[in-house]
Structure formats: structure tokens, C-alpha cells
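Visitor: To start, I am sharing the structure in question, which I have written as C-alpha cells.
The values are calculated or read from the model by the stated rules, or taken from the named source; none is laboratory data. This one's a predicted model, so the numbers in the text were calculated from it and none came from an experiment. Glycine gets a Cβ as well: all are built from the backbone with ideal geometry, and neighbour counts include every protein chain shown.
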Amino acid sequence: MLKNIFLTDFLPKIKDFFCIFCKFAYLCTINCNCKLSTKESIDMNSFTFYSPTEFCFGRGREQEVGQLCLKYGASRVMIVYGGGSVVRSGLLDRVKAALTASGLPYCELSGIKPNPTDPKVREGLAIAHDFQPDFMLAVGGGSVIDTTKSIAAGYYYEGDFWDFFCGKAKVGQCLPVGVVLTIPAAGSEGSGNAVITNEQTLQKLGIRQPMLLRPKFAIQNPELTMTLPEWQTASGISDMMAHILERYLTNTPDVQIGDRMAEGMLLAIMEEAPKVIANPEDYEARANIMWCGTIAHNDTCSLGRQEDWNSHAMEHEISAEYDVTHGAGLAVVFPAFLQYMAKAHPYKVAQLAMRVLGIVPQLPADANLNDTRTWPVEEQQRVAMEGALKLKAWFHDVLHMPVTFEQLGVPHPDLELLNARLHKNKGTVMPGYLPLDAETTMAIYKLCL
Ligand code: NZQ
Ligand code: ZN
């Protein structure tokens, strides 16, 4: 990167062949408003938005689970849950009672761990093939929901379900899925995604098939989240903020609706988060956070735009290797990613810094405040960097999240290993807000130290 800035600054004749930000091409591909930018040819993208999930939000709504299963065609239900929180809270008993009251027989798969793995999906598939459910019910968070979706996707497939995750096959038919959500974080209750770790290869990979994998219904009672420990609450908040930022960091112009929705959501989360940390039983704050976790990831704020997802890919390598909490890993990776972008490709980070994090730009009176691409690059970089550092301090001071590998409990990360696996899984150059090669991702991992 420095090499290209050098070329741009000091070799004016070569200047027109290099974009100072996009080092991979002679023609800029990232729409950074340089001379070579192909901005005019990129527009708000066409899109299809299919979000069939019925969201049932509010106190006591879990009582309706039996009726909802019936509504979506259930006659035999398979319940999936985690390591015991839903047993201790009494939620599982209430769910079972509601199914029984609706005349629905059920079987169950328990013990789903955070960062769920493939053996549990296979165990679930064996139970399912035996019991033959026609409806899958997840009672828990992202790990439980993703395991449930994977069983639902693998049920009709003759090969191994992992084929979907490693790209060998596409999901063709799927059992319907319902959710009783207990933690606002992954957003899987509204997303068409599932993420599973392969225990043997330590690949943590996702599938994204919204037409098939979005749940039929999601029950969201904020009261159910009051038993969450602070660590899980804060990790969930970090994750949903990352889901918004992955969509915010785009080079697609003219996506004002998505930008303003994302900024509004981030502002709301940053206002509500301290309330939830201070008082875990604050219903209003819990409710705001819970709904935000859903719309952060059900695509409403990313329609019509290119998305990034490279911070997530970088974090998935960390949680696959060291089994850390996904949201906590993102609290380490995302600020480092923004710090890097503040120098390398700052305009959108500067916009975030100004509109969400309150960093004030210093510009001439006639400057176009809202179009950060027209600002002098040095001012974009200054504002962006201040914003990145402010967000990092917020994660640390307000959410009490780790912001370095050491604070994450990984004092000696094997960066070479993480980086090699990252590019093996995601390709030599990862496309996105800024295309990332191995040198760039290593620089970002080093900013996490
Ligand atoms: O297992 P139990 O005992 O239920 O405890 C869980 C678990 O230990 C606990 N918990 C959940 N609700 C609780 C509770 N404890 C007390 N009271 C409650 N009400 O919280 C712990 C974490 O649960 P988990 O399901 O792992 O959390 P989360 O929703 O953050 O899911 C994380 C997983 O989702 C993936 C992540 O990579 C990770 O594997 N993601 C899935 C996505 C998707 N499908 O769209 C997108 C995300 O970016 C993410 O990658
Ligand atoms: Zn996430």
C-alpha cells in the first residue's frame, strides 16, 4: 500500500495508472472516487428480498409456540437446544407443554455448544431420520439455530451435509424451521445463513440461502434474555454491530436508505447497550437490543449494495482455532479492520466516524459535508482514524469487551496459521470494501495484537 501511495505522490507520470487505494488493478475497482474509479458504471444494485419469517415479539409469546408450529404445517417436531440455560430457566418445559397442548409429538437434540460443530449435526440427522419430524424447532441462540438449520438442510440430502458448507452441493429441499430466541446476537432467527465448524479441518464456514433457510417464525420475548451473563450480552451486541458494519462498508453509491438505517441502528444500540449492562432486567433496553439484533442481519439495511464480510471471515478463523466467543472476537477484529481502512480506504469509515461517532471534520466552508469522498484524503483519514479508535475504546470501556488478542485470552496467536487458513478458505484476494490479499490481512491481524 505504501508503495502505491509513494508512486502516486512522487511519480506523477505513472499516477494515472494506479489508484492510491486499490493496489490490485490498473483500473480502480473499489469506487473510491479517484481518477480511475468506475463509479459511474455502478448503481444501487437490483435485488430480490424474501423474508417470510413471522416475528412474534413481546412478553410471554413463547406460549404460542405450539399454535405457530401447527400454522406452518407441523405434525411431528424435533426440538434442538444448547447446554442447559433453557432447562434451568424453565423455558424448555414451557415449550414442551405448549407442543403437547397442541397435540404435537416431539423428539429432542440437546447439548449444542457455542461455535457448533459438524458431529452434532450428524447426531441430529440420525435422530431426525429415526423420528421423521416435519418441523424443526430451535430453542436458543445462533449456535442452536444454525445446527437446526443444518439438520433441516441435510435431512433430504443423500450425501454428507458438509457438502453444502464446503461448496460441493447446494441445499435443494429443507425442513421448515421455527425459533424461540434466547440471545440477541447472531441474527440467525431472521437470516438465511448457518455457520458450522468442521472439527477435523477446523474450517468454520457458512451457507447463505435465504429462499430456503430463513425461519418460518421467530418468537422473541426480551424477558428470556434477562438471564444472560454480561459477557454474552456484550458479545451479542458486538456481533450485531459488526453485522451492520459489514453492510455499511460498501462502495456502492446512492444507498442512502441503507446507510441511514445502519447509522440509526448503531446509534440506538450505543444508547441502549450501557442500560442493559447496568441493569440486565431493563425490559425496554433488552427489547430494543433484541429487535436490533434481528434487523441488523435480516438484510433490510443491505439491500441493493455490495457487502463486505471480511472481518467476519477473519474472526471465524480465530473462533475456529481458539474457540473464542464470536462477538468477542469481532470486538478485537473490527476496530483493527477500521484502523487499517482509515488509512487505506477511508471515505466510508470517515462517514461512520462523523455521523455515528461524533467526530467533527475540519473542512472549508463550501465543502460537501455529506460526501466524504470529496474531502481531502488527509481529512478523511484523520476523521476515520479518530472514529476507529473511539469505537475501539467504546467496546472496551462500555461493553467491557476484549480489544486485543491477549485480552481475548489468546496471548500468543499463530497469525501465520490463521492467515494461511483464511486465504485457503476465502481465496488469494478477498473481494469487498477493499480487496484483501495475505499481506493486508496479516497487517490487520497484527493490529489486533
Ligand atoms: O448453551 P446454553 O446453555 O443455552 O448457553 C448459551 C451459550 O453458552 C448462552 N445462552 C443463550 N441464551 C441464554 C444463555 N445463557 C443464559 N440465558 C439465556 N437466555 O449463551 C451462550 C452463547 O450461545 P450461542 O448460541 O453460541 O450465541 P450466539 O447467538 O452469539 O451464536 C453464535 C454462533 O452463531 C454464529 C457464530 O459464528 C457462532 O457460531 N453466527 C451465525 C450467523 C447466522 N447464522 O446468520 C451470523 C453470525 O455472524 C455468526 O457467525
Ligand atoms: Zn456475526
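Visitor: With Gly178, Gly192 as the choices, which residue is touching a strand residue (DSSP E or B) at 6+ places or on another chain (Cβ under 8 Å), modelled with pLDDT of 95 or more and either near ligand 1 (Cβ under 10 Å from one of its atoms) or among the acidic types (Asp, Glu) (or both)?
Guide: Gly192
Visitor: Just give me the residues in the stretch 306-329 being closer than 19 Å to Pro435 by Cα and either surrounded by fewer than 24 Cβ atoms within 10 Å (Cβ to Cβ) or within 13 Å of ligand 2 (Cβ to nearest atom) (or both), in sequence order.
Guide: Gln306, Glu307, Asp308, Trp309, Asn310, Ser311, His312, Ala313, Met314, Glu315, His316, listed by residue number.
Visitor: Across the stretch 381-414, what is the number of residues that are free of Cβ contacts under 8 Å to residues at least 24 places away in the same chain and surrounded by fewer than 16 Cβ atoms within 10 Å (Cβ to Cβ)?
Guide: The number of residues fulfilling the criteria is 4.
Visitor: Something else now. Mind checking which residues of the stretch 57-94 are hydrophobic (A, V, I, L, M, F, W, C), away from ligand 1 (no atom under 16 Å from the Cβ) and surrounded by fewer than 20 Cβ atoms within 10 Å (Cβ to Cβ)?
Guide: Answer for the stretch 57-94, where residues must be hydrophobic (A, V, I, L, M, F, W, C), away from ligand 1 (no atom under 16 Å from the Cβ) and surrounded by fewer than 20 Cβ atoms within 10 Å (Cβ to Cβ): just Leu70.
Visitor: I've got another one for you. Considering only the stretch 140-232, give the strands (runs of 3 or more DSSP E) lying wholly within it that have at least 2 residues that are away from ligand 2 (no atom under 16 Å from the Cβ) and surrounded by 23 or more Cβ atoms within 10 Å (Cβ to Cβ).
Guide: Hits in the stretch 140-232: 177-181, 217-220.
Visitor: Further question: Among the numbered criteria (1) touching a residue at least 24 places away in the same chain (Cβ under 8 Å); (2) farther than 30 Å from Gly427 by Cβ; (3) surrounded by fewer than 24 Cβ atoms within 10 Å (Cβ to Cβ); (4) in contact with a strand residue (DSSP E or B) (Cβ under 8 Å, 6 or more places away or on another chain), which one does Glu123 miss?
Guide: Looking at each condition in turn, Glu123 falls short on (1).
Visitor: Under 8 Å between Cβ atoms, which residue pairs at least 6 apart in sequence (or on different chains) link something in the stretch 320-343 that is over 15 Å from Met240 (Cβ atoms) and outside any helix (DSSP H, G or I) with a partner that is of a type in the set (Val, Ile, Thr) and within 13 Å of ligand 2 (Cβ to nearest atom)?
Guide: These pairs meet every condition: Val324/Ile318.
Visitor: Then there's this: Could you tell me which residue of the stretch 423-436 is surrounded by the fewest Cβ atoms within 10 Å (Cβ to Cβ), considering only residues that are farther than 11 Å from Tyr340 by Cβ and in contact with a strand residue (DSSP E or B) (Cβ under 8 Å, 6 or more places away or on another chain)?
Guide: Checked the stretch 423-436; the qualifying residue surrounded by the fewest Cβ atoms within 10 Å (Cβ to Cβ) is Val429.
Visitor: Ok, one more. Output yes when any residue across the stretch 344-352 is surrounded by fewer than 21 Cβ atoms within 10 Å (Cβ to Cβ), touching a helix residue (DSSP H, G or I) at 6+ places or on another chain (Cβ under 7 Å) and not aromatic (Phe, Trp, Tyr), and no when none is.
Guide: no
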